[in-house]
Amino acid sequence: MANSLIKKYEAMVLSCIDPRFQSKVHSYLKRNKLSDKYSSFTIAGAGIGVTHKKFKKWHFTFWDNLRTSIKLHGINTLIVINHKDCGAAKIVNAKKKFNSIIEHKIHNQSFIMIKKN
Ligand SMILES: [Zn+2]
């Protein structure tokens, strides 16, 4: 019987620290049959926190953790769970005005930036 030190898991889940969404994130992952099959990285803003220049100090830690999870857990998928009414989106908003359209653009920009890396 072969014994590998690397156990195969499905994904890393990147999500926001917002307390209002913790149980929703877990329920979503459970519904998608991912319980106990993912590593987790939780940081303010999720995708925004790991891409926006305002949070530059956090970026290396995320990418280093992702590389580590790929190595240790054999994952090949990153699941990014951003959410509406995110405080990090408000922090990075450069405009005086803030609404759901502006927030949507901030989230989309973070997804584009993650895909580029
Ligand atoms: Zn948030």
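Values in this text are rule-based calculations from the coordinates and carry no lab data. Just so it is clear, the structure is predicted and the values come from calculations on it, not from any experiment. Cβ coordinates were reconstructed from backbone atoms using ideal geometry, including for glycine residues, and neighbour counts include every protein chain displayed.
Taking a straight Cα-Cα cut-off under 19 Å and skipping sequence neighbours fewer than 8 places away in the same chain, the aspartates and glutamates within cross-link reach of LYS95 are ASP85, GLU103. Karplus-based coupling profile of the stretch 25-31, in residue order and whole Hz: 4, 5, 5, 4, 5, 5, 4, with θ = phi - 60° in 6.51 cos²θ - 1.76 cosθ + 1.60 and x standing for Gly or Pro.
Take every pair of alpha-carbon atoms less than 8 Å apart whose residues are at least six positions apart; their mean separation over the length of the stretch 1-107 yields a relative contact order of 36 percent. The convex hull around the C-alpha trace of the chain, projected and averaged over every direction, spans 8.1 square nanometres. Amide H to amide H, with H built 1.01 Å from N, SER40 comes under 5 Å of VAL13, counting only residues 5 or more places away or on other chains. Relative to one another, the C-alpha centroids of the stretch 75-110 and the stretch 10-68 are positioned 14 Å apart.
The Cβ shell under 15 Å around ILE101 holds other residues with a net charge of +4, Lys and Arg each +1, Asp and Glu each -1. Rounded to the nearest whole Hz, the Karplus-based 3J(HN,Hα) values (6.51 cos²θ - 1.76 cosθ + 1.60, θ = phi - 60°) of the stretch 105-117 follow the sequence 5, 5, 5, 4, 4, 5, 5, 4, 5, 5, 4, 5, 7, with x at glycine and proline. Once the trypsin sites (Lys or Arg not before Pro) in DSSP loops with at most 11 neighbouring Cβ atoms within 10 Å are cut out of the chain, the longest remaining piece is 34-83. If you run the Gaussian network model on the chain, springs between alpha carbon atoms under 10 Å, then out of HIS107, HIS26, HIS59 the most flexible one is HIS26.
Which lysines, if any, have their Cα less than 26 Å from the Cα of LYS33, not counting same-chain residues under 8 positions apart? Within the straight-line cut-off, LYS33 pairs with LYS7, LYS8, LYS24, LYS71, LYS84, LYS115.
Among ASP36, ASP85, ASP18, the order by Cβ neighbours within 10 angstrom, fewest to most, reads ASP36, ASP85, ASP18. Cross-link reach is defined here as a Cα-Cα straight distance under 20 Å, omitting same-chain residues fewer than 8 places apart; for LYS116 the aspartates and glutamates meeting it are ASP64.
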